[in-house]
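Peer 1: Just dropping this structure here.
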Amino acid sequence: MALRLCTEILHGELENRHPGRTTGILHLVGHREPLTLDLVGNPWRDLAGHRVVFKNPSPGPAREATFRLVKKQTGRVGDITASRKVKVLDCPLEELSALHRENRPIPHHWANSLYLEWFGDTNGRIVVEATGFEISIDPEPAWTMTPEDETAQHAANQSAMLDFANSLGTAFANGLVELPAIDESDDEPQSRLEAEADSEAARMNLLLDRIQARMLREDADPEDFDEIWDEERERLRIERGEPEPPPLTPEQEAAMDARIDELNALTNEAIHDQADNPPFGESEDHPLVEKARDLAISMHHAAEAAGWIPEGSPPEHPLNEAWSCIATASGKLAGALNIHDPEDWPPAPLFAGHALHRLKTARRFLRDALLAIETAAADHLAPAEWTDSISSVLITEILPQLEHLITEVRLILNAADQHPDLDDEHLP
């Protein structure tokens, strides 16, 4: 896992004047002294030999996790570049609703982002990924990186990532360290729309739990679901002291019916389009969904075949819990990702809240899986090289991709929050 910095950054600079050494300064919100970087290795060729100065025009509040960072960051560089491509909208947010309603493509272009990654001797992997920073790069490099040098640096970056993952796995297995500290605040809503989506999801989960329990208790037939739904929803409203919704006027009923018809039409059209043109090939799964699902399946098969999970073991057995958490996470990822064509990602504000809630839920299950793998390694329930490999896939492949998706969706919701005129139509 990584500590990701972005909104906490005020300004900074990075310098690679001498081959094999990258230095820098990061000024963070709430910190009296800046972080200084003294790293072994070079950036990608676009920044090799250069001095880069950057400024965050819209810094956010400080996070507690940043105060655990040592002031002098030493270690090895990872990927450092300003040439990574990200999708940027080419239309005002006010037009998103009309484009989506008319099923027209949303105009966008691909732009460069600033990406800084290093593997610190004290704080582990740290990543800065930003699209809105003001960046200036000196025009003439102090030295020039050859294509061969760049290939060697990319190989060194891969080696640094693998060494980091392997050192974590070995330390877990030997009980020398705990998992990297998790900043629980990254699950907290960062916008009003995100908070409303989380609240609505919690309410819906509670309502569905009550309905399921009642149907089991009363041995109810499926056709009783609608009646029980209405009764339990009203009971929940009364318990929370919420006002009774006023009756709809004929005009409001007509508008609601029209909106439902519109959403149904869009849904049916999307289903037909996906049937004719599956976005992810024959499997119709997003690559990240497929990676998580395949990891869970391979874990379960390997553990059972090797006899690492005794017959009749409870679900709480660490290896049972690990693969089960990853399998559950793959389901949550599917709910967030499989309904969207990659070209239409990130989703419009209307759908972004629900997608973000599922992505955050998947992240919590994946973190639980890491804790279970740590327990399995500490208790020697499976070979260390096997538990190390599982931790490595989670830490270096699945979780970083998931963090990037969460960041993209939050950008959409944060932007929509700044345009209240879109709220009624784009509430998630």
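The values are calculated or read from the model by the stated rules, or taken from the named source; none is laboratory data. Predicted, not measured: the structure shown is a model, and the values here were computed from it. So basically every Cβ, Gly included, is an ideal-geometry build from the backbone, and we count neighbours across all protein chains shown.
Peer 1: Against the condition outside any helix (DSSP H, G or I), at pLDDT below 85 and either touching a Ser or Thr at 6+ places or on another chain (Cβ under 7 Å) or surrounded by 10 or more Cβ atoms within 10 Å (Cβ to Cβ) (or both), how does residue 248 come out, does it pass?
Peer 2: Working: outside any helix (DSSP H, G or I): yes; at pLDDT below 85: yes; either touching a Ser or Thr at 6+ places or on another chain (Cβ under 7 Å) or surrounded by 10 or more Cβ atoms within 10 Å (Cβ to Cβ) (or both): yes.
Yes; evaluated as a whole, the condition is true for this residue.
Peer 1: Here is a further query. Within region 285-336, restricting attention to residues that are of a type in the set (Asp, Glu) and over 19 Å from residue 404 (Cβ atoms), which residue is surrounded by the fewest Cβ atoms within 10 Å (Cβ to Cβ)?
Peer 2: First, pick out the residues of region 285-336 that are of a type in the set (Asp, Glu): 285, 290, 294, 304, 311, 316, 321.
Those left that are additionally over 19 Å from residue 404 (Cβ atoms): 294, 304, 311, 316, 321.
Details: 294: 14, 304: 13, 311: 6, 316: 9, 321: 19.
Here the answer is 311.
Peer 1: Another question about this same structure. Search region 1-23 for residues being crowded, with 21+ Cβ neighbours inside 10 Å and of a type in the set (Val, Ile, Thr), and hand back the single one that is nearest to residue 150 (Cα to Cα).
Peer 2: The residue in question is 22.
Peer 1: Among the residues of region 7-17, is any touching an Asp or Glu at 6+ places or on another chain (Cβ under 8 Å) and of a type outside the set (A, V, I, L, M, F, W, C)?
Peer 2: No.
Peer 1: Taking the condition within 31 Å of the chain's Cα centre (by Cα) and at pLDDT 70 or above, does residue 272 pass? Please lay out each step first, then the result.
Peer 2: Working: within 31 Å of the chain's Cα centre (by Cα): yes; at pLDDT 70 or above: no.
Against the criterion (within 31 Å of the chain's Cα centre (by Cα) and at pLDDT 70 or above), residue 272 does not qualify.
Peer 1: Here's another thing I want to ask about it. Determine, yes or no, whether residue 69 is buried (at least 20 other Cβ atoms within 10 Å of the Cβ) and either without any contact (Cβ under 8 Å) to a residue 60 or more places away in the chain or closer than 17 Å to residue 122 by Cα (or both).
Peer 2: Values: buried (at least 20 other Cβ atoms within 10 Å of the Cβ): no; either without any contact (Cβ under 8 Å) to a residue 60 or more places away in the chain or closer than 17 Å to residue 122 by Cα (or both): yes.
Here the answer is no, as residue 69 does not meet what is asked.
Peer 1: Residue check: is residue 126 among the β-branched types (Val, Ile, Thr), surrounded by 11 or more Cβ atoms within 10 Å (Cβ to Cβ), closer than 16 Å to residue 80 by Cα and at pLDDT below 90?
Peer 2: Numbers: among the β-branched types (Val, Ile, Thr): yes; surrounded by 11 or more Cβ atoms within 10 Å (Cβ to Cβ): yes; closer than 16 Å to residue 80 by Cα: yes; at pLDDT below 90: yes.
Here the answer is yes, as residue 126 does meet what is asked.
Peer 1: While we're here: Please indicate, with yes or no, whether at least one residue in region 315-324 is in the same structural domain as residue 302 (by TED's automatic domain parsing), of a type in the set (Gly, Ala, Ser) and outside any helix (DSSP H, G or I). Reasoning before the result, please.
Peer 2: Within region 315-324, the first condition is being in the same structural domain as residue 302 (by TED's automatic domain parsing), and the residues that meet it are 315-324.
Now restrict to residues that are of a type in the set (Gly, Ala, Ser): 322, 324.
Filter once more, so that each one left must be outside any helix (DSSP H, G or I): none.
No, there is no match, as no residue in region 315-324 is in the same structural domain as residue 302 (by TED's automatic domain parsing), of a type in the set (Gly, Ala, Ser) and outside any helix (DSSP H, G or I).
Peer 1: Follow-up question, since we're still on this one. With the structure loaded, tell me whether residue 339 is β-branched (Val, Ile, Thr) and either touching a strand residue (DSSP E or B) at 6+ places or on another chain (Cβ under 6 Å) or within 25 Å of residue 406 (Cα to Cα) (or both) or whether it fails that test. Give the derivation first.
Peer 2: Numbers: β-branched (Val, Ile, Thr): yes; either touching a strand residue (DSSP E or B) at 6+ places or on another chain (Cβ under 6 Å) or within 25 Å of residue 406 (Cα to Cα) (or both): yes.
Yes, satisfied.
Peer 1: Okay, next question. Residues in region 27-42 that are free of Cβ contacts under 8 Å to residues at least 60 places away in the same chain and either hydrophobic (A, V, I, L, M, F, W, C) or on the phi < 0 side of the Ramachandran plot (or both): how many? Before the answer, list the steps.
Peer 2: Narrowing region 27-42 to residues free of Cβ contacts under 8 Å to residues at least 60 places away in the same chain: 27-36, 38, 40.
Still in the list and also either hydrophobic (A, V, I, L, M, F, W, C) or on the phi < 0 side of the Ramachandran plot (or both): 27-29, 31-36, 38, 40.
The total comes to 11.
Peer 1: Still on this structure, please answer the following. Considering only residues of region 24-52 that are among the basic types (Lys, Arg) and over 14 Å from residue 69 (Cβ atoms), which is surrounded by the most Cβ atoms within 10 Å (Cβ to Cβ)?
Peer 2: 45
Peer 1: Looking at (1) at pLDDT 90 or above; (2) closer than 23 Å to residue 413 by Cα; (3) in a strand (DSSP E or B), which is the only condition residue 57 fails?
Peer 2: Unmet for residue 57, out of (1) at pLDDT 90 or above; (2) closer than 23 Å to residue 413 by Cα; (3) in a strand (DSSP E or B): (3).
Peer 1: If I filter region 37-44 for residues that are in contact with a strand residue (DSSP E or B) (Cβ under 6 Å, 6 or more places away or on another chain), under 17 Å from residue 132 (Cα atoms) and not assigned by TED's automatic domain parsing to the domain that holds residue 404, do I get at least one hit?
Peer 2: No, region 37-44 contains no residue that is in contact with a strand residue (DSSP E or B) (Cβ under 6 Å, 6 or more places away or on another chain), under 17 Å from residue 132 (Cα atoms) and not assigned by TED's automatic domain parsing to the domain that holds residue 404.
Peer 1: Mind checking which strands (runs of 3 or more DSSP E) fall wholly inside region 1-54 and carry at least 3 residues that are under 22 Å from residue 153 (Cβ atoms)?
Peer 2: Numbers: elements: 3-5, 9-18, 21-28, 35-40.
Answer list for region 1-54: 9-18, 21-28, 35-40.
Peer 1: Confirm whether residue 137 is surrounded by 14 or more Cβ atoms within 10 Å (Cβ to Cβ), modelled with pLDDT of 90 or more and over 28 Å from residue 399 (Cβ atoms). Walk me through how you get there before you give the answer.
Peer 2: On the way: surrounded by 14 or more Cβ atoms within 10 Å (Cβ to Cβ): yes; modelled with pLDDT of 90 or more: yes; over 28 Å from residue 399 (Cβ atoms): yes.
So residue 137 passes the test.
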